[in-house]
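Worksheet for the structure shown next.
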Amino acid sequence: MSWTWFHKLASPPHFYRIAGRLTPWFGWPAFLLIVIGLYGGLVLAPPDYQQGEGFRILYVHAPSAWMSMFIYSTLAISAGIGLIWRIKLAHAVAAAAAPVGAWFAFLALATGSIWGKPMWGTWWVWDARLTSELILLFLYLGCIALRASIDERDRADRACAVLALVGVVNLPIIHYSVYWWNTLHQGSTITKIGKPSITFDMLWPLLTMIVGFTLYFGAILMTRLRAEVIRRERDATWLREELAR
Amino acid sequence: MGLVYHGDLILAFRRWEQIAQPVVFFAMITTLVPLALSPELAQLRQIAGGVLWIAGLLAALLGLEFLYRADYADGTLEQMLLSGQPLALLSLAKTAAHWTSSGLPLVLVSPLLAISLGVPTDAMGVLMISLALGTGILSALGAIGAALTLGLRRGSVLLSLLVLPLAMPALIFGARGVDMAIHGDSARGPLLLLGAMLVLSLTLSPLAVAASLRISQE
Amino acid sequence: MNWTEFLAMGGYAKFVWPSFGLTLIVLILNIRAARRLHRTAREQALRRLGTGRTQP
């Protein structure tokens, strides 16, 4: 097994073209799956025994939360690869993924908060999952802020990589401590968010949405990566030819 | 390595304001709370653990900036990088010096401030231990942030933004431990966890700092 | 399918619909932002490099 295909992929001109071709293959299935998932979640799935129709918010809350965590791992892994093996493309992935992940974290918080209002009566509850999500958002914002403050791209890439790795190591510690902190204070009626007893007709739209969101992220990532590649390749001739096409 | 530790300490103690500022800040935040909430000691006692910990954290953050700035400015940092000495060990020495000149004073002052919040005397030991561990963790984590934001404009704000989320677990256990002590329970669990976190951060932080310093120095 | 019932969402309408609406908005925003980024990068690069078509 030769590594040439890998090096070829990581070479900017090839990657640029491949990413361009891949985008619709991510995008259209994503659209389809999300539509199907929405239909399944909003129309087909039966109302929950306890939460009635309100539980349907799960179909946007849970995928957003999942994406925020999945993207953070992607960020950390690609940053680590970029740092250790000095692959520029990996750093580009980290740079492109961060804002998207932050948006999903925000969505998870917003939908979680909206969901909480009818369930717990308040717009915000320091539930373990919401609190962890909030801290994750802070971690994302830190990454983005750090990258924005450093002008030299190389230094920015590597600094953000260190930060992402430090963050990912801390993440389990944060999760655990927040969970522990939350169980201490047996609040009055804090029911855990998103734990209706799940039947299959409730589950499949959720999985569909999650896969749909993931493919969506793939499409967005490809597009942002192409922009990153262009910005990073300052004077290459391939760029001139490619863009003139 | 010992030289670095001593050198830093001497420098720090020459500039009294560097040591005094965080301490005064600590005292001031602790004063803000009763002013904002209530002079009732019974009420203050309920939140004392959290207040002291938050104030301590923020005050310790203040001192972080100075950690590498001077070395960066006068070229000592470059020397250190070129010297061939393991950068991680040097960083550990600097972190230790930072804690001695920044965290330790906060720990020593904390009982006085705790009294003002109605904390009973038998909780003082736990308070000081927890803060000692906590500021140690903050010195270790903060060193990473300081190294990453070296020389950046508005670096100090960014530094706080980066370090605070990482410090939240320590805050959770530290504040909780003090609360437990105030209520007369044994705070062993949280203190042990704090200790474990300190060991972990002291082991990993120098590596991250070394990497960050090399990156920032380019 | 009873539309009124569907829209009412068992009384939870003012929570369910804004959630889905917000999600949709964010998803669309991200698509447009990504496309815009790509377009801007292309334009800036072209300006820097010239159109690249040199006469043989």
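Could you look through region B:1-56, keep only residues that are within 16 Å of the chain's Cα centre (by Cα) and of a type in the set (S, T, N, Q), and pick out the one that is farthest from residue B:174 (Cα to Cα)? Per the criteria, the residue is B:18. Count of region B:179-218 residues, restricted to those that are away from chain A (no Cβ under 11 Å) and touching an Asp or Glu at 6+ places or on another chain (Cβ under 7 Å), is 0.
Rundown of residues vs (1) surrounded by fewer than 18 Cβ atoms within 10 Å (Cβ to Cβ); (2) more than 7 Å from every other protein chain (Cβ to nearest Cβ); (3) in contact with an Asp or Glu (Cβ under 6 Å, 6 or more places away or on another chain); (4) at pLDDT 90 or above, yes/no style:
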| position | (1), (2), (3), (4) |
| --- | --- |
| A:140 | no, yes, no, yes |
| A:159 | no, no, no, yes |
| A:168 | yes, yes, no, yes |
| A:183 | yes, yes, no, no |
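Within 20 Å of the chain's Cα centre (by Cα), at pLDDT below 95 and more than 8 Å from chain A (Cβ to nearest Cβ), is that true of residue C:17?
Numbers: within 20 Å of the chain's Cα centre (by Cα): yes; at pLDDT below 95: yes; more than 8 Å from chain A (Cβ to nearest Cβ): yes.
Criteria met by residue C:17.
Scanning region B:119-151 for residues that are surrounded by fewer than 18 Cβ atoms within 10 Å (Cβ to Cβ) and not in a helix (DSSP H, G or I) yields B:120, B:151.
Hey, can you tell me all the residues within region A:105-129 that are more than 17 Å from residue C:22 (Cα to Cα) and within 14 Å of chain B (Cβ to nearest Cβ)?
Quick first cut of region A:105-129, residues more than 17 Å from residue C:22 (Cα to Cα) only: A:118-122, A:124-129.
Within region A:105-129, A:126, A:128 qualify.
Put simply, of A:97, A:102 the only residue that is within 11 Å of chain C (Cβ to nearest Cβ) and modelled with pLDDT of 95 or more is A:102.
Among the candidates A:147, A:245, A:240, A:234, the residue that is surrounded by fewer than 23 Cβ atoms within 10 Å (Cβ to Cβ), more than 9 Å from chain C (Cβ to nearest Cβ), out of contact with any Pro (no Cβ under 8 Å at 6 or more places or on another chain) and modelled with pLDDT under 90 is uniquely A:245.
The values are calculated or read from the model by the stated rules, or taken from the named source; none is laboratory data. Because the structure is predicted, anything quoted here is derived from the model rather than measured. Reconstructed Cβ throughout: ideal geometry from the backbone, glycine too, with neighbour counts over all protein chains shown.
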